[in-house]
Amino acid sequence: MEAFFTYGFLQRALFAGIFVAVACSMLGLFLILRRDAMIGHGLAHVAFGGVAFGLFLNMMPLATALGVTVLASWAVIKLKEKAGLHGDSAIAVFSSVGMAIGILLATLAHNLNVDLLSFLFGDILAIEPIEVWLSIGLAAAVVASILINYHQLMFLTFDREAARAAGIRPQGLDFQLTVLTAITVVLGMKVVGILLVTALLVMPAAAGLQLASNFKQALWISAVVAFLSVTGGLAAAFAFDLPASAAIVLLAFSIFGALFLLRRRKRF
Amino acid sequence: MSEEKEAQSSSGTKNALELVRVDGVSFKYDAGPNVLEEISLTIQAGDFLALLGPNGSGKTTLVKLILGLLKPLAGNVFIKGRPVEEFEEWPKIGYVPQKATHVDPFFPASVREVVAMALFSRRGASLKKSKEEEKAIATALQSVGMEDFMGRPVSRLSGGQQQRVFIARAIVHSPELLILDEPTAGVDAVTQERFYEMLYQLNKQRAITILLVTHDIGVVTMHVNKVACVNQRLTYHGTHEDFCQSEAFKAMLAAGHLVSHRH
Ligand SMILES: Nc1ncnc2c1ncn2[C@@H]1O[C@H](COP(=O)(O)OP(=O)(O)O)[C@@H](O)[C@H]1O
Ligand SMILES: [Mg+2]
């Protein structure tokens with residue numbers, strides 16, 4: 001506890017981590033129910049290309065990754081519409097191209113490897129003050145736009161045909177959801193790394209689905225699980241000198257597992 | 001053909017309030033064959049219209065054309081006198097899609113939330129419910145006899161109960177027209193009969209016009225007052241009484257489409 005007040009880097013990690021994880025969990029709930037969770041995984045790979053691009057140009061990698069990933073998310077939507085590809089194939093195309101470009105740029109410029117690794121595995125304790133503000137601001141914007149369109153998004157996710165017939169236009173909301181995913185994935189990359197960011201999207205939301213008997217509850221439980229995972233994970237990482245990303249993800253998984261068992265006991 | 005003349009004459013008369021006019025509509029999916037050809041029919045305020053036809057005859061397609069979810073290849077659809085592309089008062093039209101009962105078992109929505117999503121999706125930020133809105137939700141659930149299930153997860157209701165919740169969602173705005181696409185598929189006969197009785201009450205007491213889509217010709221023995229038969233083309237469109245004397249009805253009987261006939 002004292003350490004928290006003593007070390008600025010710990011405070012920064014905690015604040016940014018909590019905001020980003022909560023945004024991820026709320027978005028993740030919609031993605032899971034739309035059977036679209038892998039879009040996060042795919043966009044994380046694109047983000048890798050974006051990070052390498054930033055390091056190559058000697059710019060802020062978080063910013064270039066944001067630009068590239070948001071652009072790619074838009075392209076995924078277009079590819080789905082125009083090329084008649086299924087969502088998962090469109091994502092596969094972009095994630096592998098993103099990865100390939102990342103590897104290419106990393107090899108062309110030397111000495112990128114250490115920095116690039118920190119994005120692959122996450123390095124929340126090394127987050128810069130400006131990145132903290134960017135993360136908090138964007139994560140808050142993500143949560144706000146989900147809440148503003150809460151009922152439309154729920155209706156569209158639950159029953160697309162009926163929602164369209166009720167006058168809800170799906171294109172805008174689909175687009176919004178995909179772009180928000182791109183943003184949160186890039187933010188999550190800083191917290192747990194590209195390889196683990198899907199966990200931040202899926203695990204708290206999956207935990208929420210274990211216990212909730214309505215949508216609001218599911219959203220709340222997801223957010224609380226995300227909060228606990230980040231605080232607990234960071235505490236464990238600091239106390240036992242563990243990698244923060246792994247600690248956060250494994251804690252989230254443990255909570256999910258516990259709720260899963262709890263639900264089974266409740267049912268049978 | 002006498003049926004075609006019947007179809008023309010009834011769509012030509014302009015009495016009462018015309019809610020829906022389908023005018024010479026043809027449709028096909030992409031490169032496929034024509035699914036619908038030159039369909040013309042009208043729905044008047046107060047009607048309880050059964051849209052009959054075997055599986056694959058184009059009933060669902062016609063409904064989607066009426067709702068503007070598909071664009072006709074030829075012809076026009078008008079809702080309350082306006083071309084469907086320009087129509088904006090969608091809360092006035094309640095829609096229960098076919099297979100709405102195939103609820104994702106993992107979706108954590110309560111009965112109240114399912115009804116509320118239709119009510120609140122018309123407006124922006126506020127998550128607060130007003131007194132009137134709470135009342136609209138309660139009234140809609142009462143109309144379908146599901147008021148005691150508000151807090152229950154929909155995924156844990158029976159198929160028939162889920163169907164009622166979807167109807168509550170469709171009528172929460174007090175629509176003028178309610179469109180139901182095969183609402184009783186997979187529901188047992190007794191529940192079905194109570195279900196049709198409930199629709200009749202909505203039609204009579206709340207003055208909601210109903211378009212009931214079904215492949216079960218048995219519904220003509222229930223409370224419908226108009227019948228339309230579609231099988232790529234419109235084979236009949238007129239009153240319930242005339243239908244029972246018509247060639248279309250006899251042909252359907254002969255083809256064994258009579259699934260259940262109750263009096
Ligand atoms: N999305 C679609 N793409 C291509 N063909 C379709 C599609 N939906 C329906 N069809 C075809 O159109 C015809 C009419 O279907 P439908 O309107 O669903 O009939 P019904 O509701 O009367 O059972 C069928 O032959 C069906 O195979
Ligand atoms: Mg159908």
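Dipole check for the stretch A:2-261: with +1 at the C-beta of Lys and Arg, -1 at the C-beta of Asp and Glu, and the Cα centre as origin, the magnitude is about 660 Debye. Placing B:T139, A:T181 in order of accessible area, with the largest value first and a 1.4 Å probe, yields B:T139, A:T181. With 27 Å as the limit on Cα-Cα distance, the pairs of A:K78/B:K64; A:K216/B:K59; B:K131/B:K226; B:K71/B:K204 that go past it are A:K216/B:K59; B:K131/B:K226; B:K71/B:K204. Relative to its residue count, the stretch A:2-261 spans a Cα convex hull of 122 Å³ per residue.
A loss of 50 Å² or more of accessible area (1.4 Å probe, protein heavy atoms, ligands and nucleic acids excluded) relative to the isolated chain is seen in these residues of the stretch B:69-103: B:L69. As an equivalent ellipsoid, the stretch B:176-240 spans semi-axes of 19, 16, 11 angstrom, where each value is the square root of five times an eigenvalue of the C-alpha gyration tensor, largest first.
When all alpha carbon pairs of the stretch A:16-88 are counted in 10 Å bins from zero, the resulting P(r) reads 18, 41, 33, 8 %. State, in square angstrom and to the nearest 100, the accessible area buried between chains A and B, both chains counted, probe radius 1.4 Å. Using a 1.4 Å probe, the pair buries roughly 2500 Å².
Only aspartates and glutamates eight or more places from B:K92 in sequence, or on another chain, were considered; those with a Cα closer than 12 Å are B:E176.
Shown are B:D188, B:D181, whose ranking by accessible area with a 1.4 Å probe and every protein chain present, most to least, is B:D188, B:D181. Judged by the mean number of other Cβ atoms found within 10 Å, the most tightly packed of the peptides B:102-115, A:126-139 leads the ranking B:102-115, A:126-139. Pairs of alpha carbons in the protein assembly as shown separated by more than 43 Å make up 31% of all such pairs. Would you mind telling me the share, in percent, of accessible area of chain B contributed by carbon and sulfur at probe 1.4 angstrom? Roughly 50 percent, rounded to a whole number. Take each residue of peptide B:109-119, count the partner chain Cβ atoms within 10 Å of its Cβ, and average: the result is 6. Across chain B the C-alpha pair distances fall into 5 Å bins from zero in the proportions 1, 6, 13, 17, 19, 17, 13, 8, 4, 2, 0, 0 percent.
The heavy atoms of B:M222 present about 40 square angstrom of accessible area, all protein chains included, probe 1.4 Å.
When the solvent-accessible area of the stretch A:114-204 is split by element, carbon and sulfur atoms take up 69 percent of it, the probe being 1.4 Å.
Placing unit charges on the Cβ atoms of the charged side chains and taking the dipole of the protein assembly as shown about its Cα centre, the candidate lying farthest along the positive direction among A:F56, A:T69, B:N225 is B:N225.
Inter-chain Cβ neighbour count for A:210-217, averaged per residue, equals 5 (cutoff 10 Å, partner chain atoms only). For B:V20, the residues whose amide H sits under 5 Å from its own are B:I43, B:K80, ignoring neighbours fewer than 5 places away on the same chain, with H placed 1.01 Å from N. Considering only A:T157, A:V22, A:T6, the residue lying farthest towards the positive end of the dipole of the protein assembly as shown is A:T6, judged by Cα position with unit charges set on Cβ. At a probe radius of 1.4 angstrom, the accessible area of the protein assembly as shown per residue rounds to 44 square angstrom. Span-like helix criteria (full DSSP H runs; alpha carbon extent of at least 18 Å along the helix axis; mean Kyte-Doolittle hydropathy of at least 1.0) are satisfied in chain A by A:8-33, A:38-57, A:87-108, A:129-148, A:170-192, A:197-211, A:215-240, A:244-267. Peptide B:199-210 has a mean shielding of 0, counted as Cβ atoms of other protein chains within 10 Å of each residue's Cβ. Could you let me know the centre-to-centre spacing of the stretch A:119-139 and the stretch A:187-207, using Cα atoms, in angstrom? Each part's Cα centre sits 14 Å from the other's.
The values are calculated or read from the model by the stated rules, or taken from the named source; none is laboratory data. Owing to the predicted nature of the structure, the values given are computational and were not obtained by experimental measurement. We place every Cβ from the backbone using ideal geometry, glycine too, and count neighbours over all the protein chains shown. Accessible surface is based on the protein model in full, side chains and every heavy atom, while ligands, DNA and RNA are left aside. Shrake-Rupley method; radii C 1.70, N 1.55, O 1.52, S 1.80 Å.
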